Amino acid sequence: MNISQNSLASQQDIPEAPQGWQQSLERYFSNVVLNGKATITDMKRLSGGAIQENWLLSVLVQGGDSAGENSWVLRTDSSSVVQVSMSRGHEYAVLKAVYEAGVQVPAPLWLCSDLDVIGREFFVMQAVDGTATGHRLVKDDSLVPDRSALCRELGRNLAKLHTIRPPRESLAFLPAPGADPARSIIEQYLDFLDELPQAFPVIEWGLRWLHTNKPNPIEPCLIHRDFRTGNFMVDQGSISGILDWEFTAWGDWREDIGWLTAKCWRFGNNANVAGGIGNVSDLMAGYSDICPREISPEELRYWQIMAHVRWAIIAVQQAERHLSGQQHSLELALTGRLVPELEHNILTLIGDY
């Protein structure tokens, strides 16, 4: 199909596009691409994302450096956001920083803070091929033929992220790192639980254990805080893009390791502790290629317990958004049903310790 045919066909409205978005975005893209005219030929909302919306755009550009068919992803806020998630402008700044550090992320393209375009702040990044579906990645060897290699690649990417240290002028919007990140997290979660009308004794017990067994704080670095299977794309057995940076913060690098290896993110493949993908030893071998660090079994266990407590807190928060009437959503309601399983994992990990 030649350009003129494709351009002519694209003048029709795209049914899935929100009202007014197509024309506004075409004007915006025509302004930001150099010496080109942009026409959106397709627009689809990607699955998932209770907190953010992601739209896959097929954009035909006539002329300029981006001439031809382009696949871009537009990321913006959903109708209701979690209080601790950052703005799209801040997430874009994080994406640029980690991209420049060599982390495998989709290339950041443009940030738009002009609310006249689609009524919300958004940014655009390059689309990447692959799958992020957790239950497929942990079980389908055709997607991950070499699990050891993928685990080492995950470790190297985490280590590159963790080389970014404060202060960073481009990340000045991030809260300054506290003297004791674990203690700050525990206090934040206790404050949240105190505001709820119902009690969650198992989660409170987990927080008490975390406080009693808190490790000594270490030098802070930039951490993802949601680095897990389901938040990275895999194409032909390798990482094609690490996604969802809205919870990034200065913190303890071991938190990212604990989150990735927590049972709640193995999608049933519990024998492979590193995200259901493979072994922790391969993960840390890749990590050590960039940063010569180790995590002890006791430290790993601590941060895995922290991961389950945190996910339980998030599940309670999301259920409250539904129950309070703030955002009626089956997805949010079902997330609240995860709490008993997470509480069981907390008690099992703590055991008789």
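Annotations
- The chain - Kirkwood radius from inverse mean 1/r over Cα pairs (Å): 21.7
- Cα-based reach from Lys96 at 26 Å (exclusive), listing lysines while leaving out same-chain residues under 8 positions away: Lys37, Lys44, Lys160
- √(5λ) per eigenvalue of the Cα gyration tensor, the stretch 35-179, largest first, Å: 26, 23, 17
- FRET efficiency, 1/(1 + (r/R0)^6) with R0 25 Å, evaluated for Ser184 and Leu56 via beta carbons: 0.10
- Residues His224, His328, His322, His162 in ascending order of nearby Cβ atoms (within 10 Å, fewest first): His328, His322, His162, His224.
- A simple rule links phi to the HN-Hα coupling: the Karplus curve 6.51 cos²θ - 1.76 cosθ + 1.60 with θ = phi - 60°, which for the stretch 178-194 gives x, 5, 9, x, 4, 5, 4, 4, 4, 5, 4, 6, 5, 4, 5, 5, 5 Hz, with x for Gly and Pro.
- Computed E for Glu341/Asp114 - FRET, C-beta separation, R0 51 angstrom, nearest 0.05: 0.70
- Segment Asp146-Thr131, length gained on full extension (0.36 nm per residue, minus Cα span): 3.8 nm
- When the charge dipole of the chain is built from unit charges on Cβ atoms (+1 for Lys and Arg, -1 for Asp and Glu) and taken about the Cα centre, the candidate among Ala107, Ile305, Asn272 whose Cα reaches farthest toward its positive end is Asn272.
- Between Lys214 and Arg293, the simple label model (points 7 Å from Cα in the Cβ direction) yields a spacing of 1.9 nm.
- Estimated FRET transfer efficiency (Asp65, Lys139; beta-carbon r; R0 45 Å; 0.05): 0.65
- Only Lys, Arg, Asp and Glu carry charge here, each on its Cβ (+1 for the first two, -1 for the last two); on that basis the chain has a dipole of about 300 debye about its Cα centre.
Each reported figure results from applying straightforward, stated rules to the coordinates on display, with no laboratory input. Note that the coordinates shown come from a computational prediction; the quantities given were computed from them, not determined experimentally. Cβ: placed from backbone, ideal geometry, glycine included. Neighbour counts: every protein chain shown.
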